[in-house]
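Working notes for the structure below.
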Amino acid sequence: MNKIAKYSNYVLYLLFAITLVYVVMFYFGDVNEDSAYPHPVATDSFLNWANILFWVAIAITLGFELYHIVMNPKSAVRTLISLAIIAVIVLVAYGLSDDTPLKIVGYQGSDNVPSMLTMAGTMLYTMYILFAVTIVVILYSELSRLFK
């Protein structure tokens, strides 16, 4: 095992341990009874930790992809094609989304506006399309093995 793999394993175990502490605090910690809806006291810190992990994962992914492009410029075409395909999927999902305000009885919040509804619809349709593509690719790869 080389040095990078050894250190990355340590970092992985450290992140897992920190996440496990937050999970235990969330599920077995104190509950805030003073609010309209009782919720665990550690909810905000748990969500902040998830947000940090999300952005760190994105930064690492983009960093390694940029490093790979710099070290192997011929592979940049494949990366740009995949980014273009993702952009097309998001544009199709944006075209399918609807911005009609919902009639929700008793809801007085500020998120029932066309911009938020379009964004939510775009995200939902993007996930639906990616899920369908994943199922098709899995079926294709399994069925293609049968005929080889």
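Coordinate-derived values only; no laboratory data. Only a predicted model underlies this, so the values are computations on that prediction, with no experimental measurement involved. In this analysis, Cβ positions are derived from the backbone assuming ideal geometry, glycine residues included, and neighbour counts consider all displayed protein chains.
The table for this structure:
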{"read-out": "Note, ³J(HN,Hα) from phi for the stretch 8-13, Karplus 6.51, -1.76, 1.60, rounded to Hz, x at Gly and Pro", "value": "5, 5, 4, 5, 4, 5"}
{"read-out": "Farthest positive-ward along the stretch 77-148 dipole, Cα basis, beta-carbon charges - from LEU80, VAL133, PHE147", "value": "PHE147"}
{"read-out": "Global geometry of the stretch 1-71, whether rounded, prolate or oblate, following the gyration tensor of its Cα atoms and the 1.5 cut on a/c", "value": "oblate"}
{"read-out": "Surface/4 of the Cα convex hull for the stretch 88-132, nm²", "value": "3.4"}
{"read-out": "Debye, to nearest 20: dipole size of the stretch 77-148, +1 on Lys, Arg Cβ, -1 on Asp, Glu Cβ", "value": "380"}
{"read-out": "Exposure proxy order (Cβ contacts within 10 Å, fewest to most) of LEU146, LEU139", "value": "LEU146, LEU139"}
{"read-out": "Sequence-distant residues sharing a close amide H with HIS39 (under 5 Å, placed H)", "value": "ASN32"}
{"read-out": "The chain - Rg (one decimal) and Dmax (whole number), Cα, Å", "value": "21.7, 64"}
